[in-house]
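Novice: Before anything else, here's the structure in question.
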Amino acid sequence: MKLHTTGSRIPAMSFLLEFLRTPLTVGAVQPSGPALAQVATAAVPATGSPVVLELGPGTGAFTAPIQQRLAGAGRHIAIELNPRFAARLAALHPAVDVVVADAAALRSVLARRNVDHIDVVVSGLPWAAFDASSQNDVLSEVVAAMHPAGVFTTFAYVHARWAPPAQRLLRSLRARFEEVVVSQTVWSNLPPALVYFCRRPIMVTAETG
Ligand SMILES: C[S@@+](CC[C@H](N)C(=O)[O-])C[C@H]1O[C@@H](n2cnc3c(N)ncnc32)[C@H](O)[C@@H]1O
C-alpha cells in the first residue's frame, strides 16, 4: 500500500484546489512528499503510548506515516483550520481525532479532551504566511502544551530558508527550545525541504519574533 498517495491523485488535486481558494492559509501548491513525511514524523515513537499532536495536516501527508508508526497505540490529535481538509482526513483516518480549529487555540482543544501534555508535535503549518504575532501565539501554545521530554518538528523549504519569515521562525525556535537540530535537505521533495527537530522546550513570556 502506498500510504503517501492515500488513493491516487485525489490528495494532490484537493490540495491544489484548496490552495487556489486560500493560498496564504494552505501555503503550498502540493502536499509534502513521502520522503519529507518520513523525516518529519521520525520523532514519533513506534513503542509505548505517545500522545501526538499534528498541526495543519492538510490532505494527510504526515498523518498516514504517524498512524503507521503508532500502529494503533497512543493518541493522535490533528488540528486543521480548513473544514474541507478536516472532513476528508477524518473520513480517511477514523483513528485520528481531527479537530477544525486554529493551531493558536491548541491548548483549549487539548483541555476539552483532558490531555495535559503532548509527547510529539508534528507541524505542517505554513509559517511563511504567518505574521510575527501569529507565529508567536502558536509557538507559545506548543511550548506550553509539550511534555518537557517532548519533541516538536516542523519543516521549511530550502529556497526560502534565508528569507525573513524563515529566519524569524528559526530565531523563535532557538529562543523557545534548548536544542534545535536541522535535518539534511530532502532533495526529492518538491520543493526541497528540511526539518527542524526541537527539544527541551523553554517557557518564555516575552515576544521573541
Ligand atoms: C503547507 S500545508 C501542509 C499540509 C500537510 N501537512 C503537508 O505537509 O502536505 C499547511 C496546512 O496548514 C493548515 N493551516 C494553516 N493555518 C492553520 C492554522 N492557523 N491552524 C491550523 N491549520 C492551519 C492549512 O489549511 C493546510 O492544511
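The values are calculated or read from the model by the stated rules, or taken from the named source; none is laboratory data. From a predicted model like this one, the values you see are computed outputs, not experimental measurements. Cβ coordinates were reconstructed from backbone atoms using ideal geometry, including for glycine residues, and neighbour counts include every protein chain displayed. Just the protein is used for accessible areas: all its heavy atoms, side chains included, with ligands, DNA and RNA removed. Shrake-Rupley method; radii C 1.70, N 1.55, O 1.52, S 1.80 Å.
Novice: Assigning unit charges at the beta carbon (Lys, Arg +1; Asp, Glu -1) and nothing else, what dipole magnitude in debye, to the nearest 20, does the stretch 105-190 show about its Cα centre?
Specialist: Roughly 140 debye, rounded to the nearest 20.
Novice: Run the accessible area of the stretch 3-123 with a 1.4 Å probe and give the carbon-and-sulfur part as a rounded percent. All intermediate terms of the calculation are to be shown ahead of the outcome.
Specialist: Numbers: 3230 of 5410 Å².
Of the solvent-accessible surface of the stretch 3-123, carbon and sulfur hold 60 percent.
Novice: Here is a further query. Restricting to Cα pairs below 8 Å that are 6+ residues apart, what does the relative contact order work out to for the chain? Please round to a whole percent.
Specialist: It comes to 19 percent, rounded to a whole number.
Novice: Of Val115, Thr63, Thr153, which is farthest on the positive side of the dipole of the stretch 1-159, counting Cα position, with +1 on Lys and Arg Cβ, -1 on Asp and Glu Cβ, and the Cα centre as origin?
Specialist: Thr63
Novice: So what is the calculated 222 nm ellipticity per residue for the chain, using -39500 (n - 2.57) for each DSSP H run with n of 4 or more, over all residues, to the nearest 500 deg cm²/dmol?
Specialist: -10500 deg cm²/dmol
Novice: While we're looking at this one, here's another question. Ignoring ligands, DNA and RNA, what percent of the accessible area of the stretch 124-209 is carbon or sulfur (1.4 Å)?
Specialist: 58 percent
Novice: For an R0 of 25 angstrom, estimate the FRET efficiency from the Cβ-Cβ distance between Ala95 and Leu16 and round to the nearest 0.05.
Specialist: Details: r = 27 Å, r/R0 = 1.07.
Given R0 = 25 Å and the Cβ-Cβ separation, E is 0.40.
Novice: Place +1 on the Cβ of every Lys and Arg and -1 on the Cβ of every Asp and Glu in the chain, take the dipole about the Cα centre, and give the residue among Ser183, Ala78, Val51 whose Cα lies farthest towards its positive end.
Specialist: Farthest along the dipole direction, towards plus: Ser183.
Novice: Can you list the equivalent-ellipsoid semi-axes of the chain, largest first and in whole Å, using the square root of 5 times each Cα gyration tensor eigenvalue?
Specialist: Rounded to whole Å, the semi-axes are 23, 20, 17.
Novice: For the stretch 17-33 and the stretch 106-170, compute the distance between their C-alpha centroids and round to whole Å.
Specialist: Centre-to-centre distance over Cα atoms comes out at 19 Å.
Novice: How far is it, in nm, from the label point at His159 to the one at Ala87 when both lie 7 Å from their Cα along the line to the Cβ?
Specialist: 3.3 nm
Novice: Now a separate question. Quick check for me: using +1 on Lys/Arg Cβ and -1 on Asp/Glu Cβ, what's the dipole size of the chain about its Cα centre, in debye to the nearest 20?
Specialist: 340 debye
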